[in-house]
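Report on one structure; see the data block that follows.
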Amino acid sequence: MTVDVALTKKDFTSDQEVRWCPGCGDYAILSAVQAFLPELAIPREDIVFISGIGCSSRFPYYVDTYGMHSIHGRAPAIASGLALSRPDLKVFVVTGDGDGLSIGGNHLLHALRRNVNITILLFNNRIYGLTKGQYSPTSEQGKITKSTPMGSLDNPFNPLSLVLGAEATFVARSIDSDRKHLTSVLREAATHQGSSFVEIYQNCNIFNDGAFDVLKDADTRDAATIRLEHGEPLQSATQSVIRAADGSLELVDGLRDDAVRHDAHAEDPSYAFGLSRLTTPTPIGVFRSVERPTYDRLMAEQLETARAAASDDADGMLGALLSGTDTWTVA
Amino acid sequence: MTTYPQSPDAPAKPVEIVSRVVIRFAGDSGDGMQLTGERFTAETAGLGNDIATFPDFPAEIRAPAGTVPGVSAFQLQFADTKVLTPGDHPDVLVAMNPAALKSQLPITPRGATIVLNTDEFTRRNLAKVGYERDPRSDGTLESYQVHEVAITALTLGALEGSGLGKKDAERAKNMFALGLMSWLYNRPREGTLRFIDAKFAKKPLVAAANVKAFEAGWSFGETTETFAVSYEVAPAPMPKGVYRNITGNLALSYGLVAAAQKAGLPLFLGSYPITPASDILHTLAGLKRFGVRTFQAEDEIAGIGAALGASFGGSLGLTTTSGPGVALKTETIGLAVSLELPLIIVDVQRGGPSTGLPTKTEQADLFQAVLGRNGESPVPVVAPQSPADCFDAAMEAVRIAVTYRTPVFLLSDGYLANGSEPWLVPDAASLPTVDPAFTTELPEGGFLPYSRDPETLARPWAVPGTPGLEHRIGGLEKADGTGNISYDPANHDRMVRLRAAKVAGIARSIPPLAVDDPSGEADVLVLGWGSTYGPIAAAIADIRSRGGNVAQAHLRHLAPFPANTGEVLRAYRTVLIPEMNLGQLSLLIRGTFLVDAVGFNQVRGLPFTSAELVDAIEGLLGNGTTEGSA
């Protein structure tokens, strides 16, 4: 999968008019993805974007690769079938907090535990956009929306805790407006062998505007985020994460020398899980990146083993199958 | 001339020649009745008899022992002539316990032979099934020829010193029963002995015990005074060739593998286990050497989703399920209609609604297959008519799916799935092929994913990995030609009609509906679909043998119907449609052709008996005033 002629962002821009609301965070993500795809040096025809339903799921129409805008919540299942039958392709799934965590939660979890070779981008805006503003499974409790005039009662999901529990081998978080950070996370996610999951905080300026402002505003962002770099200390501008006496991660004030150094490759997921529970400040970057055999490779190996023992005579093999071992002849 | 293996032991007692026999083995779920039936079937098929089988078992794996709900039965009919059904009623009932007797007696006609395992007729076992008095002595069985055999005790006796404990030794009693029946009908024994050795290769003690029990049953028949004669059924005349016995689920699996191979497409099954379809998943999982990928998904929806994803990538996508699973897959089937990609949906129907009767047969998913989606969402529907025919029906479903870029329903049912019959094994090299005709080059003037073949109206199938043909498809309405999102009213109307016309046009590629009306004087036509073929044909053969005139036609294609269907139906005064539902085909026929069809409907979880169909048909014969009553 290499290309002779270097591709550019323009090569990944389709001729379709982009129809998100002006000011939507999806534009920034689309632009970052289109600009980063040439770096993969994979021919356009070998890349596929598969989505479900929702604002984010219009994404495939705008990227000039193969693509499928499918049905609500089912993109991970469809992408799994494609990736398993075509291990030569690079398959992306684009989903949202409703599509991926509500109606399609089951498929997301199972794709991750199998470690199918797909890269899942979950745009989390903590609201339902396309159905016009109901609360989502990541909306904070008490959210006032059209369907919850007295406040939502549901306890929200923490998407990263959830996918870590589902045995995901690559888990990361980034922010729509931070082009440089988003690109670096996408790069690592796309080259990971197996399922990679990236939560992208995305602003819905119509129904949930400003949900992530504290992580974005120049005045607050440095104190509000912990930028995860493998081997670097876990610190915001003002706080550090240390090991408490009981072994858990503890947030303390000040930039301390005993801050825990980030280990994205820790086999034990409880470290990444502990990180995922930190909300203020919010860690962004790669939480976990470990190697585990991918489902598509294991499936391909079983097929190869079975075929190696089989004959080259296709009709002969089929004939033997159809006859079985217990035949009789009418002469 | 038919050749078949001879049993080495010449029977010592007189042999009576009979033409056809129906045997029903019945016992506890754990008694091994299905295995016993299958082995008897294999020996009988090998002898050259025509044969049809009907396994009839509960949904529970081991229902409480000795109870009526726990009874598992296996019925087969074999004959020296054509066999169309497993038989309405047994001539011979083998009842391994009181529960088996109690549950099967109502369908066992007076005069039949009953072999009882008399050891199980204890006071406690009788009470368990509500027999207040012993049916062996209270006159219940007066009109039957009863053979009381101490099957358990004789088995234990034969296995004394075998090294097996009592419990394990007792488990071989089904082999005793099989040995006895094999002697009674002069079945060869070598196949069964070989089978036992292979099955218990790792447990030589158990293998030896089963062989001993089988032989003890055989010897008991030979020496006991209870059985004065044995019987022989001569081979049936059948077309030349190599035969095997095959169940519907196996034939269907093989048909899909063969069709995929002949199309040059890798087969991808996405599935979730469900009775009575799971055996297809099991079979295909063992065929990786044919390049078959099987994916046991997290649910029914993911099963079909993965299959559709594989079709997008250029595989032949397949999902297998039963009615409740189809309900979950429905949205994805709609997506496949919109994407216009090949996809096979196998529905092995069972009793519904909801969980219904998982192990019992029904034909009540016809509406679900033909009509059960949102929007105008036409899907072709193909149905096999017998276990072996599942092979041809599967190949036909693949032909339609690949040629027309469409999801196709393959509607089998529990009766076909588990039933078996002899199959004239086709020559693999001469099976029909179908060309997937992938688009691989950028056409002049650009690539239009929703352009259409003028003959079939099929759209191009261009798979990821093909340079220059990158395109996006989805469930939103698409502009004719480009496939871009379109909300234009006129375009939607055009696309809805195009999809409908494409599926309707499949009728041009299927054979006309054939009518079997040898006298040409029938004024009643019996129209069927699916697994009712056998009982209907048997009933019609019976009526004709007594001089009656009645015509038969059977639909393989339920959507679209063959082009001549209306013409065929209108040529008869009365059209009778027997179905294992409350009249679904009747309503489709009435609505499509304005033909006043008469329904004959039962939903008992059981196939029709030919006798009840004879009554239904004869009620319409020679009665010019009969009008539809559906």
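Against the main long axis of the alpha-carbon atoms of chain A, helix A:314-323 sits at an angle near 80°. About the centre of its Cα atoms, the protein assembly as shown shows a dipole size close to 380 debye [charges on the beta carbon of Lys, Arg (+1) and Asp, Glu (-1) only; nearest 20 debye].
Multiply the residue separation of B:ALA541 and B:GLU455 by 0.36 nm, subtract the distance between their alpha-carbon atoms, and state the gained length in nm to one decimal.
Details: separation 86, 0.36 × 86 = 30.96 nm, distance 4.09 nm.
My answer for the length gained is 26.9 nm.
Per-residue Karplus couplings for segment B:570-582, computed as 6.51 cos²θ - 1.76 cosθ + 1.60 with θ equal to phi - 60°, are listed in order as 6, 6, 10, 4, 9, 10, 9, 10, x, 8, 8, 7, 8 Hz, Gly and Pro entered as x.
Highest mean first, the peptides B:181-191, B:252-262 sorted by other C-beta atoms within 10 Å per residue fall in the order B:252-262, B:181-191. Counting every Cα pair in segment B:2-232, what percent are over 32 Å apart? Of all Cα-Cα pairs in segment B:2-232, 14 percent lie more than 32 Å apart. Here's how it looks for B:VAL526: its modeled amide H is under 5 Å from those of B:ALA551, B:GLN552, B:ALA553, B:LEU576, which are all 5 or more places away or on a different chain.
The loop-placed GluC sites (Glu not before Pro) in segment B:113-152, going by DSSP, that have at most 13 neighbouring Cβ atoms within 10 Å of their Cβ come out as B:GLU132, B:GLU142.
Toward the positive end of the charge dipole of the protein assembly as shown, with +1 on the Cβ of Lys and Arg and -1 on the Cβ of Asp and Glu, the farthest Cα among A:LEU275, B:ALA369, B:MET181 is that of A:LEU275. When the charge dipole of segment B:2-232 is built from unit charges on Cβ atoms (+1 for Lys and Arg, -1 for Asp and Glu) and taken about the Cα centre, the candidate among B:ALA52, B:GLY217, B:VAL71 whose Cα reaches farthest toward its positive end is B:VAL71. In loop segments of segment B:423-519 as defined by DSSP, the chymotrypsin sites (Phe, Trp or Tyr not before Pro) with at most 10 further C-beta atoms inside 10 Å of their C-beta are B:TYR487.
Candidate cross-link partners of A:LYS146 among the lysines, defined by an alpha-carbon separation under 23 Å and a same-chain spacing of 8 or more, comprise A:LYS132. Residues whose amide H falls under 5 Å from that of A:MET68, counting only those 5 or more places apart or on a different chain, are A:PHE49, A:ILE50, A:SER51, B:ILE473, with hydrogens built in the peptide plane.
Helix A:105-114 and the longest principal axis of the C-alpha atoms of chain A enclose an angle of approximately 70°. Using the 1.4 Å probe convention, the accessible area of segment B:431-500 works out to 48 Å² per residue with neighbouring protein chains retained. Partner shielding of A:84-91 amounts to 6, given as the average count of beta-carbon atoms from other chains within 10 Å of each residue beta-carbon. Relative to the longest principal axis of the Cα atoms of chain B, helix B:584-593 runs at roughly 40 degrees. Taking amide hydrogens as placed 1.01 Å from N in the peptide plane, the amide H of B:ALA65 sits under 5 Å from that of no residue at least 5 positions away in sequence or on another chain.
Per residue of peptide B:472-480, the mean number of Cβ atoms on other chains within 10 Å of the residue Cβ is 5.
If the chain between B:LYS82 and B:ASP168 were fully stretched, how many nm would it gain, using 0.36 nm times the residue separation less the Cα-Cα distance? Mind dumping the intermediate values first?
On the way: separation 86, 0.36 × 86 = 30.96 nm, distance 4.02 nm.
In short, 26.9 nm is gained.
With 28 Å as the limit, write out which pairs from B:LYS128/B:LYS166; B:LYS173/B:LYS240; B:LYS128/B:LYS202; B:LYS13/B:LYS173; B:LYS82/B:LYS288; B:LYS82/B:LYS173 have Cα-Cα distances beyond it, or answer none. The pairs that break the limit, which is 28 Å between Cα atoms, are B:LYS173/B:LYS240; B:LYS128/B:LYS202; B:LYS82/B:LYS288; B:LYS82/B:LYS173.
Within 10 Å of each candidate Cβ there may be at most 15 other Cβ atoms; applying that plus a DSSP loop requirement, which GluC sites (Glu not before Pro) in segment A:1-57 survive?
A:GLU17
Give me a single rounded figure for B:38-49: the average over its residues of other chain Cβ atoms within 10 Å of their Cβ.
Working: counts 0, 0, 0, 0, 1, 1, 0, 3, 3, 1, 3, 0.
That works out to 1 on average.
Quick one: of the DSSP bridges fully inside segment B:2-232, what percent are antiparallel, nearest 5? Don't skip to the end; give the middle numbers.
Details: 16 of 32 bridges.
Of those bridges, close to 50 percent are antiparallel.
Taking every alpha-carbon pair in segment B:244-430 and binning the separations at 10 Å intervals from zero gives 11, 43, 38, 8, 0 percent. On the principal axes of its alpha carbon atoms, segment B:515-621 extends 35, 34, 21 Å, with the longest extent given first. Segment B:537-587 and segment B:101-160 have their alpha-carbon centroids 42 Å apart.
Placing pseudo-labels 7 Å out from each Cα toward the beta carbon at B:LEU621 and B:ALA437 gives an inter-label distance of 4.8 nm.
Estimated at 0.36 nm per residue, the fully extended path between A:GLU301 and A:THR279 surpasses their Cα-Cα distance by 3.7 nm.
Among DSSP bridges having both ends in chain B, what percentage is antiparallel? Round to the nearest 5. Rounded to the nearest five, the antiparallel share is 35 percent. Is the shape of segment B:113-248 rounded, prolate or oblate, going by the alpha carbon gyration tensor and its root eigenvalues a ≥ b ≥ c, with a/c under 1.5 for rounded and a/b larger than b/c for prolate? The shape class here is oblate. Rounded to the nearest 20, the size of the Cβ-charge dipole of chain B about its Cα centre is 1060 debye, with Lys and Arg at +1 and Asp and Glu at -1.
How large is the dipole of segment B:2-232 about the Cα centre if only Lys and Arg carry +1 and Asp and Glu carry -1, each at its Cβ, rounded to the nearest 20 debye? Present the calculation step by step, with values, prior to reporting the outcome.
On the way: 24 positive and 28 negative charges, 127 e Å.
In debye, rounded to 20, segment B:2-232 gives about 620.
Please report, to one decimal in angstroms, the Kirkwood hydrodynamic radius of chain A built from all distinct Cα-Cα pairs.
Numbers: mean 1/r = 0.0467 Å⁻¹.
Evaluated over chain A, this radius sits at 21.4 Å.
With the simple spin-label model, which puts each label point 7 Å out from Cα in the Cβ direction, the B:HIS492 to A:ARG19 separation comes to 1.2 nm. With the convex hull constructed from alpha-carbon coordinates only, the protein assembly as shown shows a mean projected area of 47.8 nm² over all directions.
Based on the mean of other beta carbon atoms within 10 Å per residue, what is the order of A:104-114, B:155-165, A:144-154, most packed first? Provide the component values of the computation, followed by the final result.
Details: A:104-114: 22.8, B:155-165: 16.3, A:144-154: 12.7.
Ranked by mean Cβ neighbours within 10 Å, highest first: A:104-114, B:155-165, A:144-154.
The values are calculated or read from the model by the stated rules, or taken from the named source; none is laboratory data. A quick note: this is a predicted structure, and the numbers were derived from the prediction, not measured. With ideal geometry, Cβ positions are generated from the backbone for all residues, glycine too; neighbour counts draw on all protein chains shown. These accessible areas exclude ligands, DNA and RNA; they are computed on the full protein's heavy atoms, side chains included. Shrake-Rupley method; radii C 1.70, N 1.55, O 1.52, S 1.80 Å.
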